[in-house]
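Down below is the structure, laid out as structure tokens.
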Amino acid sequence: MTAASKQPPQVLCLGEALIDRLAPLATDRLPGMGGTARAGHDHLGGAPANVACALVRLGTSSAFVGRLGSDAFGARLAELFTARGIDQRGLQWDSRRPTRIVLVRRDPTGERQFGGFAGDGGAGFADQALDAGELSAALGPLLASARWLVLGTIPLASAAAAQAAWLAIREAAAAGVAIALDVNWRPTFWDAAADPAAGPTPVQRQQLEPLLAVPRLLKCTAEEAIWFFGSTDPAQVSAALPQRPLVVVTDGAAPLRWARAATAERLGLAGSLQPFAARVVDTTGAGDAFTAGLLHGLCGAPVEPPELPELMRFASACGALVCQGAGAMDPQPSAAQVRAFLAAAGAQGPAAGPGGQPRDCGDR
């Protein structure tokens, strides 16, 4: 455990914890993915769980708020949370529904695509049944120390989890806790038969509009920005939202950009950054590490601190380091490792990619 794990949580991470079942090679296929090649490798994951774990590694205390199946995978996730020192007062257990397994394809460059789910016995998955009644009892003590509540769009894909998420959002707002939203659009969580690369339908966009209106920090990919806002310009996205949030738009190997409506670049409140080059093994969880890096720096500071360009550089390094290992959680760096990476990047230039070629590892 770290010193952060002994402190009351500063960041509450609400949503799914699950298993990423990674196909070993680009041409391999898992059951349910069009073939029966050798089994994949199971890694603990789920965006909010990834962020919670990454935060503690960096030195910021966190809590996971979600629901797990009373099964072996749920036990493994809870054991990891305990080992990392993550607050589990918001963790719920489900005796009817299993912990979700996500089937993940990878290509030779480490890029991944979600290919459906495994383990559903007919009642759905535990993360879909996050219970607002149980959550209500836990929220008060958790919010007493929290500075941020971070979540994505996935909880809104099921009625029960959506009710619990909105309860948390309302109580966080009442307690003066800021909301951070990582859009993290995953169409298969809404429709298991959907194309994993599809954007939201008009009905889904309408369903998510109220959520997009609440954050003080919003992170999305360039594709998500087009789908939900019709623009990749973070200043335009911010101006379209009532909270005028700080908006960060990532774009793979292209520069990430950030802005808040009506801010000046000379104040460091708008800018861009080229992602770091890194040896890419697997991009799963890189965006979650980036989000954790942002929140680590923002805890205890205004949403737009003067050192925001340096904070974006730190967060980008967090994502690059996670790309260099398999799975989302095992490669997560400490703050000291991030600082060492940044020092080496400044002194040595790009790292080698697959086959000895440099490759930019941006947040996905």
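The values are calculated or read from the model by the stated rules, or taken from the named source; none is laboratory data. No experiment lies behind these values; they were computed from the predicted model shown. Here the Cβ is made from the backbone with ideal geometry for all residues, glycine too, and neighbour counts use every protein chain on show.
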For residues that are over 19 Å from the mean Cα position of the chain (by Cα), surrounded by fewer than 11 Cβ atoms within 10 Å (Cβ to Cβ) and aliphatic (A, V, I, L, M), tally how many sit in region 184-210.
3
Among the residues in region 211-229, are any surrounded by fewer than 17 Cβ atoms within 10 Å (Cβ to Cβ) and closer than 18 Å to Ser62 by Cα?
no
When the residues of region 122-177 are narrowed to those that are part of a loop (DSSP other than H, G, I, E, B) and aliphatic (A, V, I, L, M), which ends up nearest to Ala17 (Cα to Cα)?
Leu130
Restricting attention to region 203-248, which residues are in contact with an Asp or Glu (Cβ under 7 Å, 6 or more places away or on another chain) and assigned to a helix (DSSP H, G or I)?
Ala222
Please identify the pairs in which a residue from region 325-351 that is closer than 17 Å to Leu273 by Cα and surrounded by fewer than 18 Cβ atoms within 10 Å (Cβ to Cβ) has its Cβ atom under 9 Å from the Cβ atom of a residue that is of a type in the set (Gly, Ala, Ser) and at pLDDT below 90, counting only partners at least 6 apart or on another chain.
Gly349/Ala277; Pro350/Ala277; Pro350/Ala278
Given Ala198, Ala180, Ala192, which one is over 23 Å from Ser238 (Cα atoms), in contact (Cβ under 8 Å) with a residue 12 or more places away in the chain and not in a helix (DSSP H, G or I)?
Ala192
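Does Phe114 satisfy the condition of being surrounded by fewer than 19 Cβ atoms within 10 Å (Cβ to Cβ), of a type in the set (Phe, Trp, Tyr) and within 20 Å of the chain's Cα centre (by Cα)?
Working: surrounded by fewer than 19 Cβ atoms within 10 Å (Cβ to Cβ): yes; of a type in the set (Phe, Trp, Tyr): yes; within 20 Å of the chain's Cα centre (by Cα): yes.
Considered against the rule, which asks whether it is surrounded by fewer than 19 Cβ atoms within 10 Å (Cβ to Cβ), of a type in the set (Phe, Trp, Tyr) and within 20 Å of the chain's Cα centre (by Cα), Phe114 comes out as yes.
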Just the residues that are surrounded by 19 or more Cβ atoms within 10 Å (Cβ to Cβ), more than 14 Å from the chain's Cα centre (by Cα) and at pLDDT below 95, please, taken from region 34-58.
Gly40, His43
Name the one entry in Ala138, Ala123, Ala129 that is among the aliphatic types (A, V, I, L, M) and either at pLDDT below 95 or surrounded by fewer than 18 Cβ atoms within 10 Å (Cβ to Cβ) (or both).
Ala123
Just need a number here: residues in region 90-108 that are touching a helix residue (DSSP H, G or I) at 6+ places or on another chain (Cβ under 9 Å), exposed (fewer than 15 other Cβ atoms within 10 Å of the Cβ) and modelled with pLDDT under 95.
1
